[in-house]
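> Could you have a look at this structure, given as structure tokens, before my questions?
Just so you know, all these numbers are worked out from the coordinates, no wet-lab data involved. Small disclaimer: the values here were computed from a predicted structure and weren't measured. Counting neighbours? That spans all protein chains shown, and the Cβs are built from the backbone with ideal geometry, glycine included.
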Amino acid sequence: MTRRQWLGLLSSLGISSAASRNAQAAPPDAKAAAPRIEPLLLTDAQWRQRLTPMQYNVLREEGTERAGTSPLNAEKRKGTYQCAGCDLALFTSAMKYDSGTGWPSFFSTLPGAVATKRDFALVLPRTEYHCARCGGHQGHVFNDGPKPTGLRYCNNGVALKFVAEAA
């Protein structure tokens, strides 16, 4: 079992670290209402077949796309942002805002949609978040976002798929 599969399994069972509980900042009733999410466990070969090389790098190897390269930065329509790896809905367009960072940013997530962990890749600790179903790396969450949460979920656009709301 890979680390991502293990994280997905733990998150689906509701087991998380203190960092995960603190970073979520969702109201207690929203957490209680979070649906149980079945993990999606695929082999490395299956992931490579399912994803583009850039998606694979970000979602499976925790890479980062260059700032300002995602067309989702300019997306203004109503709809849902889903994990590009497994189609789990992570955010709604009502949660999106322009952070000026060059990456799609959101101030909240859908209940139970992401799991978090501490990341020391840049020496200083950051909170990284992953899709709760497939464990795909999405980005990092920071405490410099707008109200009502004060959080900024800074997402790799290549890790997302936008589904517009039906007219």
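> Output the number of residues of the stretch 77-104 satisfying the condition of being out of contact with any helix residue (DSSP H, G or I) (no Cβ under 9 Å at 6 or more places or on another chain) and among the small types (G, A, S).
So the count comes out to 5.
> Could you please give the count of residues in the stretch 115-150 that are surrounded by 24 or more Cβ atoms within 10 Å (Cβ to Cβ) and assigned to a loop (DSSP other than H, G, I, E, B)?
Count: 5.
> Another question about this same structure. Tell me which of these A89 doesn't satisfy, since it passes every other one: (1) surrounded by 18 or more Cβ atoms within 10 Å (Cβ to Cβ); (2) closer than 16 Å to A115 by Cα.
That leaves (1) as the condition not met.
> Is there a residue being hydroxyl-bearing (S, T, Y) and touching a helix residue (DSSP H, G or I) at 6+ places or on another chain (Cβ under 8 Å) anywhere in the stretch 129-142?
yes
> Continuing with the same structure: May I ask you to say which residue of G112, G102, G68 is crowded, with 21+ Cβ neighbours inside 10 Å and at positive phi?
Going through G112, G102, G68 in turn, just one is crowded, with 21+ Cβ neighbours inside 10 Å and at positive phi: G112.
> Any idea which of T101, T69, T52, T92 is polar (S, T, N, Q), over 23 Å from D144 (Cα atoms) and touching a residue at least 12 places away in the same chain (Cβ under 8 Å)?
T52
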